[in-house]
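**Student:** There's a structure below that I have some questions on.
The values are calculated or read from the model by the stated rules, or taken from the named source; none is laboratory data. What you see is a predicted model, and the numbers here were worked out from it, not measured in a lab. A quick note on method: Cβ atoms are made from the backbone with ideal geometry, for glycine too, and the neighbour counts reach across all protein chains shown.
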Amino acid sequence: MTLKYLIQKEFTQIGRNAFLPRLIVAFPVIIMCVMPWVMNMEVKNIKVTVVDNDRTTLSQQLVHSIEASNYFLFQGQQTTYRAALQEIERSRSDVVMVIPQDYSRDVTLGRQPQVLIAANAVNGTKGSMGASYLSQIVTAHVMPDVAAMQSRVSTLFLYNKHLNFKLFMIPALFAIVMMLMTGFLPALNIVGEKEAGTIEQINVTPVSKWSFILAKLIPYWIIAAFVITVCLLLAWGVYGITSAGPVWLIYVLAMLLALFFSSFGLIISNYSDTMQQAIFVMWFFVVMMLLLSGLFTPTRSMPSWAYATTYVNPMSYFIDAMRTVFVRGGGLSSVWHQLLALLGIGTVMATWAVLSYKKNN
């Protein structure tokens with residue numbers, strides 16, 4: 001019965017705050033409506049400058065092929081390579097292609113002309129992809145037989161047929177929303193009560209540690225369920241994307257991640273004396289977990305020492321499981337080890353949250 005009234009107290013505190021209820025509603029809406037359009041790893045709009053030393057009909061056909069591509073923004077032609085390189089140095093171009101003087105003659109005679117592609121690799125991904133796109137266009141123009149042979153290769157994209165990047169990113173955005181909603185808010189909860197002095201009133205009551213911590217955790221588990229529901233509805237209503245796997249499994253994964261982050265937030269608040277201290281400590285760990293989770297880059301591409309951190313990173317388990325369920329349509333048998341890992345890590349953190357809370361009565 002005591003737990004019931006403590007939970008009511010938490011919701012009353014949240015309701016009396018003029019900012020938190022709006023944040024809980026607005027944050028998932030903004031994340032789901034804006035970020036899938038922004039967090040797109042597909043490389044497009046690559047600015048390209050051409051130096052045509054051949055100036056023949058055949059070389060101009062190659063130039064027009066580049067102009068017609070959806071991946072490039074044609075920045076015009078320069079007379080020399082030095083002038084084109086200055087365009088890169090002034091950030092007016094990303095890639096320079098130099099067509100050699102005897103390009104048309106070599107193509108006619110069946111030779112392979114040496115076309116120079118110079119890419120700005122300050123952004124390594126954009127530079128490498130831009131050079132790769134240009135190489136494909138040149139190959140198709142110089143050796144159409146090779147291009148035709150490559151076109152006979154059939155590629156089947158499983159689970160994400162049209163390579164829709166939104167379908168790939170939406171499950172990861174669930175993790176970001178959950179992390180910030182159920183991590184930062186509990187972290188600031190106890191610290192806020194410490195600064196206001198109201199926690200002393202709880203400390204002199206016979207309320208047990210477990211009851212107090214559960215009263216702090218349960219409201220944020222309910223908020224997590226609400227946030228996931230909003231995200232699922234927005235994914236369906238805005239993008240027409242629905243989960244390929246069972247929805248109840250998504251809620252189970254969300255609750256386990258909420259268990260970890262709400263417990264982790266309370267642990268930080270137990271050791272922090274001010275709200276500023278809690279925010280900086282929480283932000284430090286959150287950024288590390290986010291960047292090492294495989295949200296943006298495959299974890300297998302990391303160095304072995306960095307990949308080892310994924311074994312204790314709940315974000316890595318959650319994102320992997322969410323993409324398995326949401327995109328691939330996997331069931332319980334596909335994500336049982338992620339579920340067990342999240343449950344184990346969450347239980348350890350919840351126990352730590354209880355033990356680290358110092359109650360003087």
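**Student:** Is it true that Met32 is in contact (Cβ under 8 Å) with a residue 40 or more places away in the chain and assigned to a helix (DSSP H, G or I)?
**Tutor:** yes
**Student:** Across region 234-248, which residue is surrounded by the fewest Cβ atoms within 10 Å (Cβ to Cβ) among those that are under 20 Å from the mean Cα position of the chain (by Cα) and free of Cβ contacts under 8 Å to residues at least 24 places away in the same chain?
**Tutor:** If we take residues in region 234-248 being under 20 Å from the mean Cα position of the chain (by Cα) and free of Cβ contacts under 8 Å to residues at least 24 places away in the same chain, then Gly240 is surrounded by the fewest Cβ atoms within 10 Å (Cβ to Cβ).
**Student:** While we're here: Among the helices (runs of 4 or more DSSP H) contained in region 154-256, which hold 1 or more residues that are more than 24 Å from Val281 (Cα to Cα) and at pLDDT 85 or above?
**Tutor:** Filter on region 154-256 gives 165-179, 209-239.
**Student:** Here is a further query. Among what's in region 70-106 and is more than 17 Å from Ala119 (Cα to Cα) and of a type in the set (S, T, N, Q), pick the residue that is surrounded by the fewest Cβ atoms within 10 Å (Cβ to Cβ).
**Tutor:** Of everything passing the filter in region 70-106, Asn70 is surrounded by the fewest Cβ atoms within 10 Å (Cβ to Cβ).
**Student:** Do you know which residues across region 290-338 are crowded, with 17+ Cβ neighbours inside 10 Å and among the aliphatic types (A, V, I, L, M)?
**Tutor:** Leu290, Leu292, Leu295, Met315, Ile319, Ala321, Met322, Val325, Val327, Val335
**Student:** What number of residues within region 265-291 are over 18 Å from Gly346 (Cβ atoms) and touching a Ser or Thr at 6+ places or on another chain (Cβ under 6 Å)?
**Tutor:** Count: 1.
**Student:** Related question: Tell me, which residue of region 14-29 that is in a helix (DSSP H, G or I) and out of contact with any Leu (no Cβ under 9 Å at 6 or more places or on another chain) is farthest from Lys166 (Cα to Cα)?
**Tutor:** Arg16
**Student:** Being over 25 Å from Thr310 (Cβ atoms) and among the hydrophobic types (A, V, I, L, M, F, W, C) is true for just one of Val252, Val230, Val281, Val287. Which residue is that?
**Tutor:** From the options Val252, Val230, Val281, Val287, the qualifying one is Val230.
**Student:** Can you tell me which of (1) buried (at least 19 other Cβ atoms within 10 Å of the Cβ); (2) of a type in the set (Phe, Trp, Tyr); (3) without any contact (Cβ under 8 Å) to a residue 12 or more places away in the chain is the one Phe261 doesn't meet?
**Tutor:** Every listed condition holds for Phe261 apart from (3).
**Student:** I've got another one for you. Looking at region 267-289, which of the residues that are within 28 Å of Thr324 (Cα to Cα) and of a type in the set (Val, Ile, Thr) is surrounded by the fewest Cβ atoms within 10 Å (Cβ to Cβ)?
**Tutor:** Of everything passing the filter in region 267-289, Val287 is surrounded by the fewest Cβ atoms within 10 Å (Cβ to Cβ).
**Student:** If you take the residues in region 21-78 that are of a type in the set (D, E, K, R) and touching a helix residue (DSSP H, G or I) at 6+ places or on another chain (Cβ under 7 Å), which one is farthest from Cys231 (Cα to Cα)?
**Tutor:** Per the criteria, the residue is Asp54.
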